[in-house]
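As structure tokens, the structure follows; a few thoughts come after it.
All of the numbers you see were taken from the coordinates with simple rules; none came from a lab. All values derive from a computational prediction rather than experimental measurement. As a convention, Cβ positions derive from the backbone with ideal geometry for all residues, glycine included, and neighbour counts pool all protein chains shown.
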Amino acid sequence: MENQIISTINGTEILTVDRDGEVFVPIKPICEALGIDFATQYRKLQSDETLSSTIVIMTIVATDDKERDMVCLPLKFIYGWLFTINPGKVAPEAREAVMRYRRECYEVLYEHFTASMARTIETNNAEIALLKELNGVIIDEKEAKAQRRKLEQSLQRLRTERLNPQPKLF
């Protein structure tokens with residue numbers, strides 16, 4: 001297991017741990033850096049329908065080179081957990097950073113879903129334009145077939161008359 005520092009929060013280095021190709025993050029150092037109660041956060045994680053199944057306890061060599069059992073979440077779930085932290089319950093020196101993080105999460109979610117919606121609308125409009133164009137071609141094709149039939153019939157009448165040996169009076 002390889003440890004890597006991914007962030008420093010209020011002077012606390014936050015490590016990741018690679019375990020069989022998946023990256024995990026211990027949550028206790030984050031709680032300590034933010035000034036929130038680890039036990040409360042751990043209970044919150046255990047009661048969360050999604051996050052509870054992702055909790056892993058692993059032995060980690062901490063920044064002080066001592067081995068400790070740590071509650072960890074996969075890195076891909078850390079961001080969602082951090083979003084649930086109430087800025088009013090963190091240490092005053094971390095409050096602005098948590099509020100800024102939460103605002104950014106709201107904006108990222110908005111951008112993701114509205115951009116997705118905009119892409120859907122754009123794709124739908126392109127499809128409608130193509131369907132209209134196709135419909136126009138189909139109509140043109142039907143008109144061309146009808147015109148072709150008329151011309152073929154006229155040609156057939158002309159040939160029939162030309163090959164008919166009987167004179168016409170009128």
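As a summary of the residue check, Glu93 satisfies the conditions (1) within 22 Å of Thr16 (Cβ to Cβ); (2) in contact (Cβ under 8 Å) with a residue 24 or more places away in the chain except for the one numbered (1).
Considering segment 16-29, and only residues there that are out of contact with any helix residue (DSSP H, G or I) (no Cβ under 7 Å at 6 or more places or on another chain) and part of a strand (DSSP E or B), the residue that is farthest from Leu75 (Cα to Cα) turns out to be Arg19.
When the residues of segment 52-68 are filtered to those that are over 19 Å from Thr40 (Cβ atoms) and in contact (Cβ under 8 Å) with a residue 12 or more places away in the chain, which remaining residue is surrounded by the most Cβ atoms within 10 Å (Cβ to Cβ)?
Ile60
Starting from segment 9-33, keep only residues that are of a type in the set (Lys, Arg), then list their pairs with residues that are not in a strand (DSSP E or B) whose Cβ atoms are within a distance under 9 Å, requiring at least 6 positions of separation or different chains. Correct list of pairs: Arg19/Met1; Lys28/Phe38; Lys28/Gln41; Lys28/Tyr42.
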